[in-house]
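> One structure is given below, represented as structure tokens, and several questions about it will come after.
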Amino acid sequence: MNTQFGLVNVWTQGDAVTRAVLLILLTMSLASWLVILFRLLDLRRLSVQAGATESFWHAKDLSTGLQALGDGADNPFLALALEGQKAAAHLQPDAANKPAELHESFDFSDWVTRSLRNSVDDSTARMQSGLAVLASAGSTAPFVGLFGTVWGIYHALMAIGVAGQATIDKVAGPIGEALIMTALGLAVAIPAVLGYNALVRANKKVIAKLNRFAHDLHAYFVTGARVGQGNANKRGS
């Protein structure tokens with residue numbers, strides 16, 4: 001195989017800085033694609049879990065509804081419903097000699113709202129994990145590639161100066177190999193930026209569904225009925 005030009009020649013003929021730039025770009029690319037892959041799998045799972053919320057509202061009681069949401073610690077809709085149930089039960093008097101606690105000064109509706117909001121915030125933070133990697137790769141990879149280009153052109157010009165002549169056959173190869181760094185930087189940055197934007201939009205859709213579900217849960221735990229359903233849905237045990 002001819003290795004006079006191309007990536008193999010850039011690696012074999014490059015110095016420590018050139019190889020470090022190539023390794024950094026490779027690491028950024030692998031990290032970006034791994035984040036995109038795992039986040040897409042998570043979004044597919046979240047889409048299925050979001051679809052189970054209607055089954056929750058068609059359940060006969062709260063226990064059956066919780067089962068309809070599915071299971072797993074990574075189910076934000078189930079976590080939201082459990083947090084609402086816990087908040088509603090926590091302020092209900094269950095013992096006459098129960099010592100007073102600071103949180104009991106909260107209004108019941110405010111306490112449930114606070115608990116549901118905390119659960120939504122925690123789920124949002126988990127869904128946004130990895131996006132910083134894509135943002136960093138998308139914003140810095142072009143400059144890393146440009147640094148490699150400048151470094152390669154500098155060494156190419158130094159070699160031409162030593163040779164004492166700048167014919168096209170001596171300039172095209174080294175300059176072209178240096179420009180490969182810019183292309184690699186863009187090849188890393190473009191998927192990272194596109195993936196970041198796509199994941200942010202998808203996350204917003206899931207978060208909107210979480211907020212709607214939290215709003216309905218708040219109405220259910222405070223009034224005993226889902227928003228828009230009057231008193232048709234009675235609170236389960």
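> Given a Förster distance of 45 angstrom, what is the FRET efficiency for Ser129 paired with Tyr154, based on the Cβ-Cβ distance and rounded to 0.05?
Efficiency, from the Cβ-Cβ distance: 0.70.
> Report ³J(HN,Hα) in whole Hz for each residue of region 128-143, in order, from the Karplus equation J = 6.51 cos²θ - 1.76 cosθ + 1.60 where θ = phi - 60°; Gly and Pro get x.
8, 5, x, 5, 5, 5, 5, 5, 5, 5, x, 8, 9, 4, x, 6
> Here's something else I'd like to know. Report the FRET efficiency, 1/(1 + (r/R0)^6), for Phe38 and Ala187, where r is their Cβ-Cβ distance and R0 is 22 Å, rounded to 0.05.
0.60
Bear in mind that the values in this text are calculations on the coordinates, not laboratory data. If you're wondering where the values come from, they're calculated on a predicted model, not measured in any experiment. Ideal geometry is used to build each Cβ from the backbone, glycine not excepted, and the neighbour counts take in all protein chains shown.
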